[in-house]
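Undergrad: The structure follows.
The values are calculated or read from the model by the stated rules, or taken from the named source; none is laboratory data. Keep in mind that this is a model prediction, so the values were computed, not measured. Cβ sites come from the backbone with ideal geometry, for glycine too, and all protein chains shown count toward neighbours. All accessible areas refer to the heavy atoms of the entire protein, side chains included, with ligands and DNA or RNA removed. Shrake-Rupley method; radii C 1.70, N 1.55, O 1.52, S 1.80 Å.
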Amino acid sequence: MTTTEKDTRATVPEHIARQVVLPEGHRDEVALFEAYRWLRENAPLAIADVDGYDPVYLVSKHADIMEIERQPHVFTSGGGEDKGSHNPILQNQAGDAFTKSLTGGSLRILETLTYLDPPEHTAIKDIANDWFRVANLKKWEDQIRALAREAIEKYLHGGANAIDFVKEFAVYYPLHVIMTLFGVPEEDEPRMMGLTQEFFGTADPDAAREDVEPLTPEAAAQQWAAAIKDFYAYFDALVEDRRANPRDDLATLIASAKDETGEFHAKEFAYGWFIAIATAGHDTTSSTMASLIEALALFPDQLARVQAEPSLIPDLVNEGLRWASPVKQFTRQALEDYELRGQQIRKGDRFMLLYQSANRDTDVFEAPEEFRLDRKPNRHIAFGYGPHMCIGQHLAKMELRILLEELLPRIKGIRVTGERKVVQTNFVGGLKNLPVELELS
């Protein structure tokens, strides 16, 4: 893209571009959401050109994100026929270069759904797609409810609980649920917790690995790669065990999956599934849970209403997902020329899909800055849209619903007691901490 070409198209002011693109810009949620609002109102589809990053269109409107996401044949996640030529997770140029140095030139560092396009994406998704369907998940409801009760009894008590809700509760319950259904021994959960925090905290100084030099341009990619290597080491043994000794668990289903020739899929696809489940399967759920508790503290009328009408809990979960939007972005690349929002898109252009912004779009949501548990319709895209819509969405909703069904009747009051902080990453994350006083019966 030449300077002349860039000058003919809408660009984002530097301070807005840096706020949205740079991980450190996500440390200040007030400024970040103000930047999203400015984009929606003034430049809903415009190029951000930040030093060290590829120029990228910031896509801030709900309708535009849906239009892109429903057309993977036009807007690729993993590069289309040129597999691994595009990174669906925006990182700096140094990070992409480091990834290529590890893979022999590919940006496809993981064999997981995020990096795949149809029809390959469809084939790999079908390995566990049925397992995550609503009808099939119902058989796990009693077990998940038992785990929710166990978590409440283990980490909370009657009376005043002065805790950091993120670090002392929210991170544990979803991890225990997904690892239990997955078939990972409970004693290995701390290892999964540590790797998950490293995997998603690549741009957050508080989550840096000791073996990665901090504050270098390629540090995020180095930590990402190191966490993946550690995951592979653990999951290789799991794949071998489940293939030799199958059980009635999700790990066996994935490890034992075979391709159209009747042979096991390459281990790397099992690793990709396992990493996705072990990370996104609990991190985004815990982020949403913490945001829900904070919202109920800030909007006590909503807490009183849902306690009086427990049938509203599923609606509360949906609003919590819109409110938290823990997956902040994925990137896509145009495989052909295309017209979007009246602008001529060129083959090769990249797009940063801002899901958090879309879930505050006034074209779709009335008074989006208000937390309304009875919001209907609630067309949030916290789980994405189209073929890449999160496969685990129904499990996440079930986990949150069951926990709230068990916890809300016991809550006598919630009060935020200190400063909260957010995770510093432009990819995924939510509250880093949430000091609260939780009064339980």
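Undergrad: Just to be sure before I move on: is residue 28 under 30 Å from residue 222 (Cβ atoms), at pLDDT 95 or above and surrounded by fewer than 19 Cβ atoms within 10 Å (Cβ to Cβ) in the structure I sent?
TA: no
Undergrad: Just one of the numbered conditions (1) under 25 Å from residue 406 (Cβ atoms); (2) surrounded by fewer than 20 Cβ atoms within 10 Å (Cβ to Cβ); (3) in contact (Cβ under 8 Å) with a residue 40 or more places away in the chain is not true of residue 282; which one?
TA: Failing condition for residue 282: (2).
Undergrad: To continue, here is another question. Residue 116 versus (1) among the aliphatic types (A, V, I, L, M); (2) touching an Asp or Glu at 6+ places or on another chain (Cβ under 7 Å); (3) buried (at least 21 other Cβ atoms within 10 Å of the Cβ): which is the lone unmet condition?
TA: Exception for residue 116: condition (2).
Undergrad: Condition (residue is in a loop (DSSP other than H, G, I, E, B), open to solvent by less than 40 Å² (accessible area, probe 1.4 Å) and of a type outside the set (Ser, Thr, Tyr)) applied to the stretch 33-40: is it met by at least one residue?
TA: No, every residue in the stretch 33-40 fails to be in a loop (DSSP other than H, G, I, E, B), open to solvent by less than 40 Å² (accessible area, probe 1.4 Å) and of a type outside the set (Ser, Thr, Tyr).
Undergrad: Looking only at residues in the stretch 376-400 that are open to solvent by less than 50 Å² (accessible area, probe 1.4 Å) and farther than 24 Å from residue 275 by Cα, which one is farthest from the chain's Cα centre (by Cα)?
TA: Out of the qualifying residues, it is 378.
Undergrad: Restricting to helices (runs of 4 or more DSSP H) lying wholly in the stretch 296-365: which have 3 or more residues that are open to solvent by less than 10 Å² (accessible area, probe 1.4 Å), closer than 22 Å to residue 407 by Cβ and touching a residue at least 60 places away in the same chain (Cβ under 8 Å)?
TA: 313-324
Undergrad: Inside the stretch 330-375, can you point out the residues that are of a type in the set (Val, Ile, Thr) and in contact with a Phe, Trp or Tyr (Cβ under 7 Å, 6 or more places away or on another chain)?
TA: Hits for the stretch 330-375 are 331, 345.
Undergrad: Select from the stretch 269-281 the residues that are of a type outside the set (A, V, I, L, M, F, W, C) and touching an Asp or Glu at 6+ places or on another chain (Cβ under 9 Å) and list them in ascending order.
TA: Residues satisfying the conditions are 271, 272.
Undergrad: Considering only the stretch 65-79, I want to know if a residue exists there that is at positive phi and at pLDDT 95 or above.
TA: Within the stretch 65-79, one or more residues are at positive phi and at pLDDT 95 or above.
Undergrad: Considering only residues that are touching a Phe, Trp or Tyr at 6+ places or on another chain (Cβ under 8 Å) and in a helix (DSSP H, G or I), look in the stretch 399-441 and name the one that is farthest from residue 174 (Cα to Cα).
TA: The selected residue is 403.
Undergrad: Quick check on my filter: what residues within the stretch 158-170 are touching a residue at least 60 places away in the same chain (Cβ under 8 Å) and either surrounded by fewer than 21 Cβ atoms within 10 Å (Cβ to Cβ) or basic (Lys, Arg) (or both)?
TA: Within the stretch 158-170, 158, 159, 160, 161, 162, 163, 164, 167 meet the criteria.
Undergrad: Are there any pairs, at least 6 apart or on different chains, whose C-beta atoms fall under 6 Å, with the first in the stretch 214-243 and of a type in the set (Ser, Thr, Tyr) and surrounded by 14 or more Cβ atoms within 10 Å (Cβ to Cβ) and the second modelled with pLDDT of 85 or more and assigned to a helix (DSSP H, G or I), and if so, which?
TA: 232/271
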